[in-house]
Amino acid sequence: MAVATLVLTLTGQQPAGAADDPPFAPYQEMHANCTVTHRLNDDPIVFPGLVGASHNHTFVGNPATNANSTPQSLVGGATSCEDTLDASGYWFPTLLQNGVVRLPDKPTVYYKSDVKDYRTVRPFPPGFRLVVGDVRTPDAAHFTGDWQCPGYKGKEIPASCPSGSSLVIRMKAPSCWNGVDLDPADHKSHMTWPVNGVCPASHPVPLPQLQVKIPYPLPGGVTGGLSYSSGASYSFHYDFMNGWNNARQVYLVGHCINGGRQCNGYGIDPHKP
């Protein structure tokens with residue numbers, strides 16, 4: 001099936017290719033603000049149907065997400081996200097401090113444009129799944145995320161953070177889709193990065209760039225003894241299983257990303273209604 005036909009079928013929209021330059025917009029994004037719902041040793045993307053086969057994950061979004069979940073089973077379900085029509089599953093390894101679980105405050109998943117023409121970004125198709133980052137990352141130098149707290153940004157957990165602050169992990173995802181695969185065997189190769197702000201011919205469809213921001217409040221700012229259930233700090237990764245109501249996501253991508261807005265978790269930009 002041709003890419004254009006597939007995109008129309010899956011998203012209800014034709015791929016856009018505006019010849020003119022997009023108007024300046026300082027923001028082109030929407031937010032998914034979701035609280036933690038549960039923890040399980042499940043991963044329905046990497047170990048589908050295998051209960052307890054994974055390291056421990058912290059889940060936000062759909063509270064029913066487990067080893068047997070599929071995108072189809074998530075759609076229309078409950079959610080801990082501010083937008084009640086986002087029943088997607090989002091999960092990441094659980095952070096431990098000397099063996100004690102440290103849960104984050106409300107994580108944010110940003111949906112942004114990572115291409116020059118933000119008007120061409122299309123919503124995630126129904127059935128879409130993605131793993132971002134790699135548990136097999138060999139060392140901090142190869143880590144694609146960033147650790148942050150006031151006065152610090154780097155690839156490794158800092159020696160300490162100011163008392164009363166949170167330690168934040170951030171990681172971006174590639175945003176160019178090949179227009180064909182919803183979840184290939186490696187859960188990654190259907191996506192790649194834009195080149196000079198344009199999606200390459202092999203992955204011609206711009207989708208929202210997912211960026212996670214996960215804040216961990218730490219008593220006294222002490223960072224010693226931190227590690228993930230998946231291993232060292234640089235083993236951090238995250239998973240996305242699309243459980244959006246499709247019509248709602250199509251609207252939000254059009255209104256917020258294509259419209260050059262900075263929408264909050266309810267799909268509203270108070271500065272550009």
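The values are calculated or read from the model by the stated rules, or taken from the named source; none is laboratory data. Nothing here was measured: the structure is a model prediction, and the numbers come from that model. Every residue, glycine as well, gets a Cβ built from its backbone with ideal geometry; the counts of neighbours run over all protein chains shown. Ligands, DNA and RNA are stripped out before the accessible areas are found, and what is left, the full protein with its side chains, is counted by its heavy atoms. Shrake-Rupley method; radii C 1.70, N 1.55, O 1.52, S 1.80 Å.
Just for strands (runs of 3 or more DSSP E) wholly inside the stretch 83-145: which have at least 1 residues that are more than 18 Å from residue 187 (Cα to Cα) and touching a helix residue (DSSP H, G or I) at 6+ places or on another chain (Cβ under 7 Å)?
Values: elements: 89-93, 95-97, 100-102, 108-112, 129-133.
Result: 108-112.
Just one of the numbered conditions (1) touching a Ser or Thr at 6+ places or on another chain (Cβ under 9 Å); (2) under 30 Å from residue 22 (Cβ atoms); (3) polar (S, T, N, Q) is not true of residue 94; which one?
Evaluating residue 94 over (1) touching a Ser or Thr at 6+ places or on another chain (Cβ under 9 Å); (2) under 30 Å from residue 22 (Cβ atoms); (3) polar (S, T, N, Q) leaves (2) as the failure.
Report the residue count in the stretch 92-133 for those that are surrounded by 17 or more Cβ atoms within 10 Å (Cβ to Cβ), closer than 17 Å to residue 193 by Cβ and either of a type in the set (D, E, K, R) or free of Cβ contacts under 8 Å to residues at least 12 places away in the same chain (or both).
Of the residues in the stretch 92-133, 4 are surrounded by 17 or more Cβ atoms within 10 Å (Cβ to Cβ), closer than 17 Å to residue 193 by Cβ and either of a type in the set (D, E, K, R) or free of Cβ contacts under 8 Å to residues at least 12 places away in the same chain (or both).
Considering only the stretch 176-215, how many residues are open to solvent by 30 Å² or more (accessible area, probe 1.4 Å), part of a loop (DSSP other than H, G, I, E, B) and of a type in the set (S, T, N, Q)?
3
Tell me, which residue of the stretch 172-201 that is farther than 19 Å from residue 133 by Cα and among the aliphatic types (A, V, I, L, M) is farthest from the chain's Cα centre (by Cα)?
The qualifying residue farthest from the chain's Cα centre (by Cα) is 201.
Being among the small types (Gly, Ala, Ser) and at positive phi is true for just one of 89, 145, 52. Which residue is that?
From the options 89, 145, 52, the qualifying one is 52.
Step by step: first the residues of the stretch 218-262, then only those that are at positive phi and assigned to a helix (DSSP H, G or I), then the one that is surrounded by the fewest Cβ atoms within 10 Å (Cβ to Cβ). Which residue is that?
220
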